[in-house]
Amino acid sequence: MEYKVEHIGIAVKSFEKSIPLFEKLFNTTCYKTESVDAEGVNTAFFLNNQSKIELLESQSPGGVIDKFIEKRGEGMHHIAFEVADIYAEMQRIKNEGFTLLNEHPKEGADNKLVCFVHPKDTNGVLIELCQAKK
Ligand code: ZN
């Protein structure tokens, strides 16, 4: 199955600081913010030409993004690859021995089904597979 980089996720402490920063960097406005309550995460999206960036902020202290920042600091959190059939791809890479962080695709931001691959199997990089919901 072909992979295409869909977006890069960046963990930040506060949207208040980081949204204006990325708006300045890309000379564009944040086109969408969305809360993913099930994950305790707020997301903010930027598009520059074909390149999409997702900022991630913890909804409350001690959330997954907070824990990530505590351990590794602010910065790149994951790379998301778009696949045509997330169910088939999850099965394929599971058979190849990769550890999936969720057994079934879950609802992600930006109208996507998503699955995460454990970074211990991918040289420390958290990989997100995503598929646009039909
Ligand atoms: Zn993402």
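Looking only at strands (runs of 3 or more DSSP E) that fall completely inside the range 33-96, which ones have 1 or more residues that are at pLDDT below 95?
Hits in the range 33-96: 41-48, 51-58.
Quick one: count up the residues across the range 20-40 that are surrounded by 17 or more Cβ atoms within 10 Å (Cβ to Cβ) and in contact with a Ser or Thr (Cβ under 8 Å, 6 or more places away or on another chain).
1
Scan the range 113-134 residue by residue and report those that are within 20 Å of F68 (Cβ to Cβ) and not hydrophobic (A, V, I, L, M, F, W, C).
Result: H118, P119, K120, D121, T122, N123, G124, E128.
Of the residues that sit in the range 119-134 and are within 20 Å of S35 (Cα to Cα) and away from the ligand (no atom under 12 Å from the Cβ), which one is least open to solvent (accessible area, probe 1.4 Å)?
Filtering the range 119-134 for residues that are within 20 Å of S35 (Cα to Cα) and away from the ligand (no atom under 12 Å from the Cβ), the one least open to solvent (accessible area, probe 1.4 Å) comes out as Q131.
Any chance the range 51-61 includes a residue that's open to solvent by 30 Å² or more (accessible area, probe 1.4 Å), farther than 26 Å from L25 by Cα and in contact with a strand residue (DSSP E or B) (Cβ under 7 Å, 6 or more places away or on another chain)?
Scanning the range 51-61, I find no residue that is open to solvent by 30 Å² or more (accessible area, probe 1.4 Å), farther than 26 Å from L25 by Cα and in contact with a strand residue (DSSP E or B) (Cβ under 7 Å, 6 or more places away or on another chain), so the answer is no.
Tell me, please, whether a residue that is within 15 Å of the ligand (Cβ to nearest atom) and under 28 Å from K120 (Cβ atoms) can be found in the range 12-25.
yes
A quick yes/no check of all residues on (1) open to solvent by 50 Å² or more (accessible area, probe 1.4 Å); (2) on the phi > 0 side of the Ramachandran plot:
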position: N42; (1), (2): no, no
position: N49; (1), (2): yes, yes
position: A80; (1), (2): no, no
position: D85; (1), (2): yes, no
position: K94; (1), (2): yes, no
position: E107; (1), (2): yes, no
position: V117; (1), (2): no, no
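The values are calculated or read from the model by the stated rules, or taken from the named source; none is laboratory data. All figures in this text were calculated on a predicted structure; none of them were measured in a lab. With ideal geometry, Cβ positions are generated from the backbone for all residues, glycine too; neighbour counts draw on all protein chains shown. Protein only, heavy atoms only, side chains kept; ligands, DNA and RNA dropped before computing areas. Shrake-Rupley method; radii C 1.70, N 1.55, O 1.52, S 1.80 Å.
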